[in-house]
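The values are calculated or read from the model by the stated rules, or taken from the named source; none is laboratory data. Because the structure is a prediction, the values reported are computed rather than measured. With ideal geometry, Cβ positions are generated from the backbone for all residues, glycine too; neighbour counts draw on all protein chains shown. Note: accessible area is taken over every heavy atom of the protein model, side chains too, but ligands, DNA and RNA are not part of it. Shrake-Rupley method; radii C 1.70, N 1.55, O 1.52, S 1.80 Å.
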Amino acid sequence: AFTGVAVWSVPAVYTAPPTAPPAPTVPAHPTYFAGRVFYTFESGVNSSNMVAINATDGSTLWVTPDIVVTLIWPVALPNLVAYTGQDVATGDVYVTARRVDGTLAWRHGPLAWSPPGLWDNPNLDVDAEGAIVFMYAKPHIGLRQVTAFDATNGVPLWTVNDTHAEYILDYDTYAYAGDFFRLTTINATSMQLQRLDGVTGASKWRSVVATADENSILLVGNGLAMQFGLSSRAVQAFDAGSGGFAWDTAFLKGSPTTGTTVTVPVWRFGTLYRVTLVAFGLVPSGCFRAVVAAEERV
C-alpha cells in the first residue's frame, strides 16, 4: 500500500563542473523514467552534470559528462532521456539524448546561438507518444523559435521563427497529441495561445486569452487547452482541436497576503484538481509547511 513513508534517502552531493558557478546549489529538476530518477543541481547559471539514480534503492547509476543548462527539466522519451546540455570543453550547447544506461544516443548542435550569445534557456517538451522533441527557444530579444526533432535520432524536422519588434513575454509550453502549444503575451491586456502542427510546424490555430497575468501556467489534456493565472486564480479553457473558447471560471479564491492561497491545478484523466492551503510558513528547518484545507474536483 502507499503510505507516504520514505522508502530510501540518499545525500545529494554537488561537485562543481569547471564552468559552473560556485555553491550554493540545491538538487533540482527531478524526472522519473524507466526505474530511474534523473536530477541536477540548481546554481543560477548552469546547473550541473545530470545524475541518474536507481529509483528502487537510491544508488547512483551514472553521471553525464556535460552540464545540463539550468532551469530545464530533462524529458523522458521511449528508452531515452533528453536534455539541453553544455559541452564543458567548448561551451557549446546541444540538445542531447541518452539511453537509460547513460550512453549517448544522439545530440544536435551546437545551437546557432551557443555562448557567447545564448540569450535564454531553450525549453524542451515531449508528448505522451514520445515521437517528437520540441524545443522552444529565445535566441535573442525579439526572436522566438520552435524546432522539432525526431526523438529516435535527433534529426531536425522543422523550425518556425517568430520575429517581434517589441519584447514579448513567454509563459508556458506544452506538447500534446503530437502537437506543440505555447502561451505568450501580445499586449498589456491579452495573451495568445497557439497550437503548432507537430509534423509540419504550421499553425493550426491562434486564440486570444483575455488576460495578461504575469504568472500563468498552460495545461493541456482531454481535448482542452487551459490557461491558469496564478495571480487572478482563474482558468480559461479552449477547445484543443479548434482553438475555440470553451469556458472560464474564477472559482480559485484567496489571497497570499491573508494566508490563503492555492496550488497550481493538476489535470488528470479528464478532471481538474486544485488544493487550497489555509496556512503556510517556515518551520525551524527552513522548509515550507502548509495546511491543506480541501481538495476539489472541477
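Here are a few things to note about the model shown:
- Approximating the spin labels as points 7 Å out from Cα along Cα→Cβ, the Asp101-to-Thr189 distance works out to 6.1 nm.
- In the context of the full set of protein chains, residues of segment 125-238 present 39 Å² of accessible surface per residue (probe radius 1.4 Å, heavy atoms only).
- Cut-off under 5 Å, modelled amide H: who pairs with Lys204 long-range: Arg195, Leu196, Asp197
- Computed extension gain for Ser203 through Ala89, at 0.36 nm per residue and net of the alpha carbon distance, reaches 37.2 nm.
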